[in-house]
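The values are calculated or read from the model by the stated rules, or taken from the named source; none is laboratory data. Computed from a prediction, not measured in an experiment: that's the story for all the values here. Cβ placement follows ideal geometry from the backbone for every residue including glycine, while neighbour counts extend to all protein chains displayed.
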């Protein structure tokens with residue numbers, strides 16, 4: 001902390017630094033974070049990654065329209081694949097500098113049908129959240145999750161009265177803010193894992209109907 005003296009420069013600098021810290025602390029949780037997106041281009045699911053320094057890479061993770069969600073929080077990548085009979089979570093090592101995958105660490109069943117539309121995993125907290133569709137609409141399910149599999153269900157919260165399509169849907173959550181895509185339109189809303197809060201103004205945007213997964217940390 002700067003020592004305040006009867007010097008206009010020191011006082012002005014202190015006030016400027018204090019204002020800057022206040023501004024930074026008030027920014028939304030998804031501001032200035034590294035995000036990665038998976039979209040389907042008609043023949044393959046492509047991972048597109050850009051970090052906060054602006055470095056970008058692209059990599060195919062599936063040769064078909066089978067990806068139903070994607071999550072990367074800084075160490076391990078996890079994504080949901082529908083293999084024709086059931087939906088599974090695949091966990092792999094991932095290098096964000098090159099976009100290259102390493103060892104596959106786990107393959108875990110998440111659903112016996114094609115019912116997943118988005119996926120997020122906070123590996124430090126051991127909490128997964130995902131979009132689940134059924135005849136009543138689309139829901140956010142929050143569960144304990146690790147490399148050994150799923151634990152107990154923590155909450156199930158309704159998101160939409162309609163069942164989302166396979167394309168144009170995504171979900172990522174930092175524990176405070178949820179960013180989700182419904183039929184190609186992305187929104188950011190406060191979510192505590194059990195109930196919804198207010199939606200952030202000016203954060204709704206159309207991202208297209210090709211998105212199948214997105215993750216920010």
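Taking into account only those residues within segment 190-211 that are at pLDDT below 95 and assigned to a strand (DSSP E or B), which is surrounded by the fewest Cβ atoms within 10 Å (Cβ to Cβ)?
Once the filter is applied, the top-ranked residue is 198.
Going through 137, 197 one at a time, which residue ends up being at positive phi and touching a strand residue (DSSP E or B) at 6+ places or on another chain (Cβ under 9 Å)? Step through it out loud before you land on a result.
Values: 197 fails: at positive phi.
Answer to the check: 137.
Hey, residue 25 hits all of (1) more than 18 Å from residue 181 (Cβ to Cβ); (2) surrounded by fewer than 18 Cβ atoms within 10 Å (Cβ to Cβ); (3) at pLDDT 75 or above; (4) under 22 Å from the mean Cα position of the chain (by Cα) but one; which does it fall short on?
It is condition (3) that residue 25 fails.
Which one of these does residue 114 not meet: (1) within 16 Å of the chain's Cα centre (by Cα); (2) at pLDDT 95 or above; (3) within 19 Å of residue 211 (Cα to Cα)?
(1)
Among the numbered criteria (1) closer than 28 Å to residue 185 by Cα; (2) touching a strand residue (DSSP E or B) at 6+ places or on another chain (Cβ under 8 Å); (3) not in a strand (DSSP E or B), which one does residue 98 miss?
Going through the list (1) closer than 28 Å to residue 185 by Cα; (2) touching a strand residue (DSSP E or B) at 6+ places or on another chain (Cβ under 8 Å); (3) not in a strand (DSSP E or B), residue 98 breaks only (1).
Before we move on, is residue 142 on the phi < 0 side of the Ramachandran plot, outside any loop (DSSP other than H, G, I, E, B), surrounded by 18 or more Cβ atoms within 10 Å (Cβ to Cβ) and over 13 Å from the mean Cα position of the chain (by Cα)? Full working, then the answer.
Working: on the phi < 0 side of the Ramachandran plot: yes; outside any loop (DSSP other than H, G, I, E, B): yes; surrounded by 18 or more Cβ atoms within 10 Å (Cβ to Cβ): yes; over 13 Å from the mean Cα position of the chain (by Cα): yes.
Considered against the rule, which asks whether it is on the phi < 0 side of the Ramachandran plot, outside any loop (DSSP other than H, G, I, E, B), surrounded by 18 or more Cβ atoms within 10 Å (Cβ to Cβ) and over 13 Å from the mean Cα position of the chain (by Cα), residue 142 comes out as yes.
For segment 175-189, name all the residues that are farther than 20 Å from residue 122 by Cα, touching a strand residue (DSSP E or B) at 6+ places or on another chain (Cβ under 7 Å) and outside any strand (DSSP E or B).
Passing the criteria: only 184.
Out of 193, 213, report the one residue that is touching a residue at least 12 places away in the same chain (Cβ under 8 Å) and either more than 30 Å from residue 42 (Cα to Cα) or touching a helix residue (DSSP H, G or I) at 6+ places or on another chain (Cβ under 6 Å) (or both).
Working: 213 fails: either more than 30 Å from residue 42 (Cα to Cα) or touching a helix residue (DSSP H, G or I) at 6+ places or on another chain (Cβ under 6 Å) (or both).
Only one candidate qualifies: 193.
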